[in-house]
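A.B. asks: Attaching a single structure in structure tokens format; questions to follow.
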Amino acid sequence: MEKPKKPAVEPLLLTVTQAARVLGIGRGLLYKLIRKGEIHAIHLGRATRISVAELRRWVQAHDRSAGSK
């Protein structure tokens, strides 16, 4: 008898590489957006992380601005 599978846990924070891959952009551009303050990053020691919620917020903000043009 098979054990029931546990539901996958979605991470709350992504590395810059993971976040760039999700957005379909390069790491350099993502770091530029972070420096400009367009995307808020969380710094944990030397590690930089971006929340999934922040990525969704950024995409929705840009989706709305594209639709209003």
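The values are calculated or read from the model by the stated rules, or taken from the named source; none is laboratory data. Since this is a predicted model, take the numbers as computed values, not measurements. Cβ placement follows ideal geometry from the backbone for every residue including glycine, while neighbour counts extend to all protein chains displayed. Ligands, DNA and RNA are stripped out before the accessible areas are found, and what is left, the full protein with its side chains, is counted by its heavy atoms. Shrake-Rupley method; radii C 1.70, N 1.55, O 1.52, S 1.80 Å.
A.B. asks: What number of residues within segment 27-58 are open to solvent by less than 100 Å² (accessible area, probe 1.4 Å) and assigned to a helix (DSSP H, G or I)? Before you say what the answer is, go through the steps one by one.
C.D. replies: Residues of segment 27-58 that are open to solvent by less than 100 Å² (accessible area, probe 1.4 Å), as a first pass: 28-31, 33-34, 37-39, 41-42, 44-45, 47-55, 58.
Still in the running and assigned to a helix (DSSP H, G or I): 28-31, 33-34, 52-55, 58.
Qualifying residue count, segment 27-58: 11.
A.B. asks: Any residue that is open to solvent by 60 Å² or more (accessible area, probe 1.4 Å), within 17 Å of VAL59 (Cα to Cα) and either basic (Lys, Arg) or touching a Leu at 6+ places or on another chain (Cβ under 7 Å) (or both) - is there at least one of those in segment 18-26? Even if it seems obvious, please write down each step before you answer.
C.D. replies: Taking segment 18-26 first, the residues open to solvent by 60 Å² or more (accessible area, probe 1.4 Å) are 18, 21-22, 24.
Imposing the further condition that a residue be within 17 Å of VAL59 (Cα to Cα) reduces the set to 18, 21-22, 24.
With the extra rule that they be either basic (Lys, Arg) or touching a Leu at 6+ places or on another chain (Cβ under 7 Å) (or both), the set shrinks to 21-22.
Looking for residues that are open to solvent by 60 Å² or more (accessible area, probe 1.4 Å), within 17 Å of VAL59 (Cα to Cα) and either basic (Lys, Arg) or touching a Leu at 6+ places or on another chain (Cβ under 7 Å) (or both), one finds at least one in segment 18-26, hence yes.
A.B. asks: How many of the residues in segment 1-17 are in contact with a strand residue (DSSP E or B) (Cβ under 9 Å, 6 or more places away or on another chain) and open to solvent by 50 Å² or more (accessible area, probe 1.4 Å)? Spell out how you get there, then give the answer.
C.D. replies: The first filter runs over segment 1-17 and keeps only residues in contact with a strand residue (DSSP E or B) (Cβ under 9 Å, 6 or more places away or on another chain), leaving 12-16.
Checking the rest, the ones that are also open to solvent by 50 Å² or more (accessible area, probe 1.4 Å) come to 12-13.
Total meeting the criteria: 2.
A.B. asks: Also, I was wondering about something else. Are there any pairs with C-beta distances below 9 angstrom linking a residue in segment 45-64 that is of a type in the set (D, E, K, R) to a residue that is open to solvent by less than 30 Å² (accessible area, probe 1.4 Å) and assigned to a helix (DSSP H, G or I), with the two at least 6 apart or on different chains, and if so which?
C.D. replies: Qualifying pairs under 9 Å: ARG49/VAL16; ARG49/ALA19; GLU54/ALA19.
A.B. asks: Exactly one condition in (1) without any contact (Cβ under 8 Å) to a residue 40 or more places away in the chain; (2) of a type outside the set (Asp, Glu); (3) out of contact with any His (no Cβ under 9 Å at 6 or more places or on another chain) is not met by PRO11; state its number.
C.D. replies: In the conditions (1) without any contact (Cβ under 8 Å) to a residue 40 or more places away in the chain; (2) of a type outside the set (Asp, Glu); (3) out of contact with any His (no Cβ under 9 Å at 6 or more places or on another chain), PRO11 misses (1) alone.
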